[in-house]
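Taken together, the values in this text are just the output of simple stated rules run on the coordinates, not laboratory data. As the structure is a computational prediction, the values presented were derived from the model and not from experiment. With ideal geometry, Cβ positions are generated from the backbone for all residues, glycine too; neighbour counts draw on all protein chains shown.
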C-alpha cells in the first residue's frame, strides 16, 4: 500500500482550472480523484481508464460516432486506451479515475 513516504501526490489542472484532479500511485496502479465544473470537455486516454461518478452526473460519448449516455452517482464507465472521449456536465461533478 502506498503511503506518504513512497508516493507523491500530483495536482493536475485542465481547461483553465475547470477540471482538477489529485493523483497518486497506489498498490493497484495510478488513481485520481477530481472535480469538473459545469461544461463540456474532450479528454484523450493514453491507457485504459475506469471512471466512477462520486457526485453529480455527466453525459459521456466514448467514440466519435457514438451517442451520449448519462452516468450518475455510483455509476462507472470504461475508456479504451488510445482513444478520446467527450463529457458534458450539466452541474459540477466529482469522480474517481483508475488507470491501466
**Complete:** Once both label points are put 7 Å beyond Cα along the C-beta direction, the residue 91-residue 18 separation in nm becomes 1.9 nm
**Fill in**
By the mean-Cβ-within-10 Å protection proxy, highest first, 13-25, 86-98 rank as 86-98, 13-25
**Prompt:** Which peptide among 50-62, 71-83 comes first, and what is the full order, when sorted by highest mean count of other Cβ atoms within 10 Å?
**Reply:** 50-62, 71-83
**Fill in**
Checked segment 10-99 with the C-alpha gyration tensor, a ≥ b ≥ c its square-rooted eigenvalues, rounded below a/c of 1.5, otherwise prolate if a/b is larger than b/c and oblate if not; verdict rounded
**Prompt:** Based on the Cβ-Cβ distance of residue 52 and residue 8, what FRET efficiency does E = 1/(1 + (r/R0)^6) give at R0 = 22 Å, to the nearest 0.05?
**Reply:** 0.45
**Item:** Contour excess over end-to-end distance, with Cα ends at residue 76 and residue 27 and 0.36 nm allotted per residue
**Value:** 15.5 nm
